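For reference, the structure is listed below as structure tokens.
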Amino acid sequence: MTVSKEILKSPEYDFLKSNEHLGDNIILLGLTGSHGYGTANENSDVDLRGIALPSKRDLLGFGDFEQFTEVETDTVIYSLKRIVQLLQRCNPNTIELLGLNPEHYFILKPQGKALLDNRRMFLSKRAINAFGDYANDQLRRLQNALARDHLSQSDKEDHIFNSLQKSLRNLRDKYARFDNGSIVLSKGQAINPDLDSEIFIDVNLEHYPIRDYKNILSELEFVVRNYDKLQHRNRKKDDLHLNKHSMHLVRLFLMGIDLLEKEEIITCREQDHDLLMQIRNGSFQNEDGSYKSEFFDLVNDLEKRFRYAAEHTSLPDEPDINRIEEFVISLNEEVVLHGKQ
């Protein structure tokens, strides 16, 4: 199914013209999601993401605009200030907007073109955690869903335990003062009468920032809570979601590797199309719903490639904040001098 800019002429997209924050303020509007990745099928929705300049009122008066969301058409338009904040973090869901195929930009004004031409100013080693954490979270969700269906309670607890241990190791990157040895996880005979085995935590921290401690516990709790959410599965429906989820997991690693190695944002995965569609169509899934070992071998290989790319990338530690600020100032000055109210 091919989607073109002609859809913007349909009545359901009238809000793009009528909303006071959109209209002529939109400098970029792109087709994202599966269509943007080049992995769409007949059931794929149309996802639009865009960027709008502030009005004079937003800059000089009492106006306030950060983001516009239209649920029925799955359209999100970010203010310039908001998108810049997200792009500086190399947020995967927004950085992809700067790497679409030319035909997937339905609106692209000179200011939006200038943003694309200067997209490298947003790239930095922040992409390592941004893409790595997102991909690992996707992998953990997939493993949780599969493990729930095919493992005994004790084996499931082993799976949760391994996921928690991995999260605990990753926390060192986020909390500089966190000593991994101060929080120890173990698995043993359950105290809970409904379980065969159970995971326990021993904490030994002194004079530790309470907010960091709260965040650490929240991240560990998220692993357990996310696992426990998937109680019942509609196999036919859920397998479609799992395969799509698995495809995006691989896509994230591939996009992250390109960003770190080539310093390019490549959203449409044309060279990876056949592999990604094989995953989406269930070629790596067994009849009982489990996944073939070849899939996890693929993911492990991609994770190693990503880590190698992370260690050897020539990207700067931080985005070019001064250049970004000067760019934003130039666009805002244009609004003040020549823009509408």
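The values are calculated or read from the model by the stated rules, or taken from the named source; none is laboratory data. All values reported here derive from a predicted model rather than from experimental measurement. Here the Cβ is made from the backbone with ideal geometry for all residues, glycine too, and neighbour counts use every protein chain on show. For the accessible areas, the whole protein counts, side chains as well, though only heavy atoms, and no ligand, DNA or RNA atoms are used. Shrake-Rupley method; radii C 1.70, N 1.55, O 1.52, S 1.80 Å.
I need the shape label for the stretch 1-100. Rule: rounded when a/c is under 1.5, else prolate if a/b > b/c, else oblate, with a, b, c from the alpha carbon gyration tensor. Please report the intermediate quantities before stating the final value.
On the way: a/c = 2.62, a/b = 1.40, b/c = 1.87.
In terms of gyration-tensor shape, oblate.
What relative contact order, as a whole-number percentage, does the stretch 45-113 give when Cα pairs under 8 Å and 6 or more residues apart are counted?
In percent, rounded to a whole number, it is 30.
Can you tell me the accessible area per residue over the chain, all protein chains present, probe 1.4 angstrom, in square angstrom?
Details: 18350 Å² over 341 residues.
That works out to 54 Å² per residue.
Calculate how many DSSP beta bridges within the chain are antiparallel, expressed in % of all such bridges and rounded to the nearest 5.
Bridges in the chain that DSSP calls antiparallel: roughly 80 percent.
So, with +1 on the Cβ of K and R and -1 on the Cβ of D and E, and no other charges, what is the size of the charge dipole of the chain about its Cα centre, to the nearest 20 debye?
Roughly 360 debye, rounded to the nearest 20.
Between Leu260, Val223, Ser197, whose Cα lies farthest towards the positive end of the dipole of the chain when Lys and Arg beta carbons carry +1 and Asp and Glu beta carbons carry -1, centred on the Cα centre?
Checking the options against the dipole of the chain, the answer is Leu260.
Where does the charge balance sit around Leu29 when Lys and Arg score +1, Asp and Glu -1, over other residues with C-beta under 10 Å from its C-beta?
+3
What's the angle, to the nearest 10 degrees (0 to 90), between helix 235-262's Cα axis and the longest principal axis of the chain?
Helix 235-262 sits roughly 70 degrees off the main axis of the chain.
Apply the a/c threshold of 1.5 to the C-alpha gyration tensor of the stretch 286-341 and tell me whether it is rounded, prolate or oblate.
On the way: a/c = 9.28, a/b = 2.29, b/c = 4.05.
Oblate, because a/c is 1.5 or more while a/b does not exceed b/c.
Could you tell me how many degrees, from 0 to 90 and to the nearest 10, lie between the Cα long axis of helix 153-174 and the main elongation axis, the longest principal axis, of the Cα atoms of the chain?
50 degrees
Taking a label point 7 Å from the Cα of Asp239 along the Cα→Cβ vector, which residues of the stretch 290-323 have an amide N closer than 15 Å to it?
290-292
Where does the charge balance sit around Ala190 when Lys and Arg score +1, Asp and Glu -1, over other residues with C-beta under 9 Å from its C-beta?
Around Ala190, the charge tally is -4.
Given an 8 Å cut-off on Cα distances and at least 6 residues of separation, report the relative contact order of the stretch 77-160 as a percent.
Values: 32 pairs, mean separation 26.8, N = 84.
Reported relative contact order: 32 percent.
Given R₀ = 51 Å, FRET efficiency for Asp194-Lys292 by Cβ-Cβ distance, to 0.05? It would help to have the intermediate numbers written out before the result.
Working: r = 33 Å, r/R0 = 0.64.
Approximately 0.95, to the nearest 0.05.
Can you list, bin by bin at 10 Å, the percent of alpha carbon pairs in the chain, starting at 0?
Over the chain, the share of Cα pairs per 10 Å bin runs 5, 21, 27, 25, 15, 5, 1, 0 percent.
Mind giving me the nanometre distance, one decimal, between the label points for Asn129 and Glu72, set 7 Å out from Cα along Cα→Cβ?
4.1 nm
Do you know the relative contact order of the chain, to the nearest whole percent, from alpha carbon pairs under 8 angstrom that are 6+ apart?
Contact order relative to length: 22 percent.
Per residue of the chain, what 222 nm ellipticity follows from adding -39500 (n - 2.57) for every DSSP H run with n ≥ 4, rounded to the nearest 500?
So the helix-based figure for the chain works out to -16500 deg cm²/dmol.
Can you tell me the FRET efficiency between Asn93 and Asn226 if r is taken as the Cβ-Cβ distance and R0 is 22 Å, rounded to the nearest 0.05?
Values: r = 18 Å, r/R0 = 0.84.
The computed FRET efficiency comes out at 0.75.
Give me the percent of the accessible area of the chain that comes from carbon and sulfur atoms, probe 1.4 Å, all protein chains in place.
C and S atoms contribute 46 percent here.
How much of the DSSP beta bridge set in the stretch 1-142 is antiparallel, as a percent to the nearest 5?
Details: 13 of 18 bridges.
DSSP beta bridges in the stretch 1-142 are roughly 70 percent antiparallel.
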